[in-house]
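The values are calculated or read from the model by the stated rules, or taken from the named source; none is laboratory data. Please read these numbers as outputs of a predicted model, since none were measured by experiment. Cβ placement follows ideal geometry from the backbone for every residue including glycine, while neighbour counts extend to all protein chains displayed. We work out accessible area using only protein heavy atoms, side chains counted, and drop any ligands, DNA or RNA first. Shrake-Rupley method; radii C 1.70, N 1.55, O 1.52, S 1.80 Å.
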Amino acid sequence: MNSQKSARSQLRHRAREIALQLVYQLDLRPGVAPDDAIELFQLKEEEPEVSSYACELVHGVSESAGEIAQILRESIVAWRPERMVAVDKAAISIALYEGLIAKRVPIAVAISEAVELAKAFGTEDSGRFVNGVLGRIVRERNAE
């Protein structure tokens, strides 16, 4: 069972890595449709579960963009989402979609994954920043 869970976790992590790259691309090129970005990415070489979950995350983030932006505006004082490092914003967006909006995974898992993605793809400070933003959002929501 543990090896199955571990393998599934690895597949999900890979899907999140791909989704991060696609969400990042869509953020930098707002005129591109999610399906067009996905088409250009070489998903054919990935496991079917990886491709499927990555596509689900990309579409979910895209369709929930307004809600995600609203959550960020309400939770981040004196900081506009447009000013965030694009990789950090992508990692936060995926975590908010996956953990809060779609509730596909527990929020703690979504935060942990977002921090790992930010550390791997972002700046030296990205992991701490992403953790801080998501932690604040969760604390505010739990207080309500």
**OP:** Of all residues in segment 14-41, count the ones that are closer than 19 Å to residue 121 by Cα and exposed (fewer than 14 other Cβ atoms within 10 Å of the Cβ).
**Re:** 2
Original post:
Which one of 89, 44, 103 is without any contact (Cβ under 8 Å) to a residue 24 or more places away in the chain and within 14 Å of the chain's Cα centre (by Cα)?
Top reply: 103
Subject >> From 63, 116, 98, residue being open to solvent by 70 Å² or more (accessible area, probe 1.4 Å) and under 12 Å from the mean Cα position of the chain (by Cα) >> reply: 116
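From the list 104, 128, which residue is charged (D, E, K, R) and not in a helix (DSSP H, G or I)?
Details: 128 fails: not in a helix (DSSP H, G or I).
Exactly one residue qualifies, and that residue is 104.
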**OP:** Give the residue that is nearest to residue 25 (Cα to Cα), with candidates limited to residues of segment 119-144 that are open to solvent by 70 Å² or more (accessible area, probe 1.4 Å) and touching a residue at least 60 places away in the same chain (Cβ under 8 Å).
**Re:** 121
**OP:** Quickly run through segment 1-48 and pick out the residues that are at pLDDT 95 or above and of a type in the set (D, E, K, R).
**Re:** 12, 14, 16, 17
